[in-house]
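A short reminder: the numbers here are calculations on the coordinates, not readings from a lab. For clarity, every value in this text was computed on a predicted model and none was experimentally measured. Heads up, the Cβs are rebuilt from the backbone with ideal geometry, glycines too, and the neighbour counts pull from every protein chain shown.
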Amino acid sequence: MQNIILNNGLSMPQLGFGVWKVPDDEATPAVKKALEVGYRSIDTAMIYGNEVGVGKAIADSGIPREELFITTKVWNSDHGYDNTLKAFDTSLEKLGLDYVDLYLIHWPAPKYDQYVETYKALEKLYKDGRVKAIGVCNFDTEHLERLLNECEVVPVVNQVECHPYLQQKELKHFCLEHNIIVEAYSPLMNGNDVLHDEVIKGIAGKHKKSAAQVILRWHLQSGVIVIPKSVTPSRMEENLNVFDFELSNEEMDKIAALDRNMRNNSLPSEMNRR
């Protein structure tokens, strides 16, 4: 496993395990298996409805807490300073933990214009030592600029949809300038077209790897944190087996040329669902 040092000095595994759309009762065996095969970073969220299942897997694993990196998120309906603090307490109780390593705002929900005060609640949790680091998800440059101007703590990560067909180049550049790490969800485009791309398949054949492994390797070499999701044990292991090969500069350039601005999920400016 490779780790990335975040802007507050915290070390975070560069490849983690996501549990989006995994029901609570399935989250426990899925996370147990992920931990068994070597994952140490687990990404959940209040809205996923599986924090209890994730927490049970953590408790049953026997792995020392300090060896794990646990992320959860505050949902749009809990925006606001006091609401966020209450939501964090609820998430912590469901997870059965004393602290989380990373707490994120799930969406800026700009229609409600509460993400700044929500982030200030995250800052309190961070200063109180109840979270090791704080950050955001699905924030565009305009949302990040407001936080940088109105808040004290620079987000450690911005978790966004990112894959070869949606490379977020301008946003990545802005984040790099401000020492914010981009974390990719849907790094394999939810198993859609990108896995069948002829360029990627050609690179995969050369390295005797799968298309998914090539894409994950591309993310890693781009300095991005990735959280692929799979409940299939063989895929979990396959996704983790990406540290024994390297893409050439030419291969990285070929993948960089695939960008189509093809988005599977909502635009941050339009996602205001409570």
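Give the percent of DSSP beta bridges with both residues in the chain that are antiparallel, rounded to the nearest 5. Please report the intermediate quantities before stating the final value.
Numbers: 4 of 28 bridges.
Antiparallel bridges: around 15 percent, rounded to the nearest 5.
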- Task: Rounded to whole Hz and in sequence order, give me ³J(HN,Hα) for the range 220-228 from the Karplus expression 6.51 cos²θ - 1.76 cosθ + 1.60, θ = phi - 60°, writing x for Gly and Pro.
- Result: 4, 6, 8, x, 9, 7, 10, 9, x
- Item | Loop trypsin sites (Lys or Arg not before Pro), the range 1-70, which have at most 15 other Cβ atoms in a 10 Å radius of their Cβ (DSSP) | Lys21
- Message: How much length would be gained if the chain were fully extended between Asp98 and Lys206, taking 0.36 nm per residue of separation minus their Cα-Cα distance, in nm to one decimal?
- Response: 34.3 nm
- Message: Using Cα-Cα distances under 8 Å and only pairs 6 or more residues apart, what relative contact order does the range 5-143 have, in percent?
- Response: 21
- Here the FRET efficiency for Lys86 versus Met1, based on Cβ atoms and R0 = 51 Å and rounded to 0.05, is 0.90
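What's the Cα-based Rg to Rh of the range 96-184, Rh via Kirkwood? Write down the numbers at each step before the final one.
On the way: Rg = 13.0 Å, Rh = 13.4 Å.
Over the Cα atoms of the range 96-184, Rg/Rh equals 0.97.
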- Assign unit charges at the C-beta atoms only (+1 for Lys and Arg, -1 for Asp and Glu), then state the dipole size of the chain relative to its Cα centre in Debye, rounded to the nearest 20. 400
- Item | Rel. contact order, % - alpha carbon contacts under 8 angstrom, at least six apart, the chain | 19
- Query: Using only the Cα atoms, what convex hull volume per residue in Å³ does the range 1-65 have?
  - Reply: 93
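Hand me the trypsin sites (Lys or Arg not before Pro) from the range 205-239 located in a DSSP loop with no more than 10 other Cβ atoms within 10 Å, in residue order please.
Numbers: sites: Lys206, Lys208, Lys209, Arg217, Lys229, Arg235; in loops: Lys208, Lys209, Lys229.
Here the sparse-neighbourhood loop sites are Lys208.
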- Most exposed first, judged by fewest Cβ atoms within 10 angstrom, Asp43, Asp98 run Asp98, Asp43
- In terms of the charge dipole of the chain, which places +1 on Lys and Arg and -1 on Asp and Glu at the beta carbon, the residue among Leu125, Ser248, His207 farthest towards the positive end is His207
- Note on the structure: Phi angles of the range 81-98, converted by Karplus (6.51 cos²θ - 1.76 cosθ + 1.60, θ = phi - 60°) into ³J(HN,Hα) in whole Hz with x for Gly and Pro, give 4, 5, 4, 5, 4, 5, 5, 5, 4, 5, 4, 4, 5, 5, 6, x, 10, 8
- Taking placed amide H atoms and a strict 5 Å upper bound, the residues 5 or more places from Ser210 or on another chain that come that close are none
- Note on the structure: Given backbone amide H placed at 1.01 Å from N, residues whose amide H is under 5 Å from that of Asn50, ignoring those fewer than 5 places away on the same chain, are Ala45
- Task: Post the alpha-carbon centroid distance, the range 150-204 to the range 39-70, in whole angstrom.
- Result: 23
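Give me the one-decimal Kirkwood hydrodynamic radius in Å for the chain, with the sum taken over alpha-carbon pairs. It would help to have the intermediate numbers written out before the result.
Details: mean 1/r = 0.0532 Å⁻¹.
Value: 18.8 Å, from the Cα pair sum.
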